[in-house]
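Participant: One structure is given below, represented as structure tokens, and several questions about it will come after.
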Amino acid sequence: MPNPPALTQRQMVTSFFKEAELEPKFSVMGRFMLMLGGLFTPAAHEMVEMAYEFEKPFQVDASQFIKAFGDIATPHAAAVKETIAWYRQKLIA
């Protein structure tokens with residue numbers, strides 16, 4: 001999927017909180033805590049296997065998509081704004 005420019009997970013979450021006019025709060029759960037939680041919660045157990053995705057940065061490259069389909073990605077700021085507006089509408093409805 002097209003996604004330029006690359007953002008960290010923290011940057012993306014922060015942009016959603018900012019649009020929602022909320023203060024973001026972050027915490028980290030290490031591999032040991034995931035393993036411990038996995039004894040009681042299957043989803044936490046499964047996260048241990050995927051923890052590598054959060055331990056080191058990895059980059060998603062959209063250049064092949066852009067070459068094939070053009071640069072049609074919705075800018076992050078617009079996507080965040082539209083998503084929060086949609087969510088607020090659903091909460092009121």
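The values are calculated or read from the model by the stated rules, or taken from the named source; none is laboratory data. It should be emphasised that the depicted structure is a prediction, and the values quoted were computed from it without experimental measurement. Heads up, the Cβs are rebuilt from the backbone with ideal geometry, glycines too, and the neighbour counts pull from every protein chain shown. Surface areas here come from the heavy atoms of the whole protein model, side chains and all, with no ligands, DNA or RNA. Shrake-Rupley method; radii C 1.70, N 1.55, O 1.52, S 1.80 Å.
Participant: In segment 32-60, what count of residues is obtained for those that are part of a helix (DSSP H, G or I) and under 27 Å from ASN3 (Cβ atoms)?
Facilitator: Count: 11.
Participant: Same structure, new question: Which pairs do you get when a residue that is under 20 Å from GLU53 (Cβ atoms), found in segment 16-41, comes within reach of a residue that is open to solvent by 100 Å² or more (accessible area, probe 1.4 Å) and acidic (Asp, Glu), reach meaning Cβ atoms under 9 angstrom, with the pair 6+ apart or on two chains?
Facilitator: Correct list of pairs: ARG31/GLU55; GLY38/GLU46.
Participant: When only residues in segment 62-93 that are under 18 Å from GLN11 (Cβ atoms) and assigned to a loop (DSSP other than H, G, I, E, B) count, which is least open to solvent (accessible area, probe 1.4 Å)?
Facilitator: Applying the filter and picking the extreme gives ALA62.
Participant: Also, I was wondering about something else. From the residues in segment 10-26 that are in a helix (DSSP H, G or I) and of a type in the set (Lys, Arg), which one is least open to solvent (accessible area, probe 1.4 Å)?
Facilitator: Within segment 10-26, the subset in a helix (DSSP H, G or I) is 10-19.
Filter again for of a type in the set (Lys, Arg), leaving 10, 18.
Numbers: ARG10: 135, LYS18: 159 Å².
Taking the candidates together, the pick is ARG10.
Participant: Here's a follow-up. Of all residues in segment 43-61, which are out of contact with any Lys or Arg (no Cβ under 8 Å at 6 or more places or on another chain), open to solvent by less than 90 Å² (accessible area, probe 1.4 Å) and over 22 Å from MET12 (Cα atoms)?
Facilitator: ALA43, ALA44
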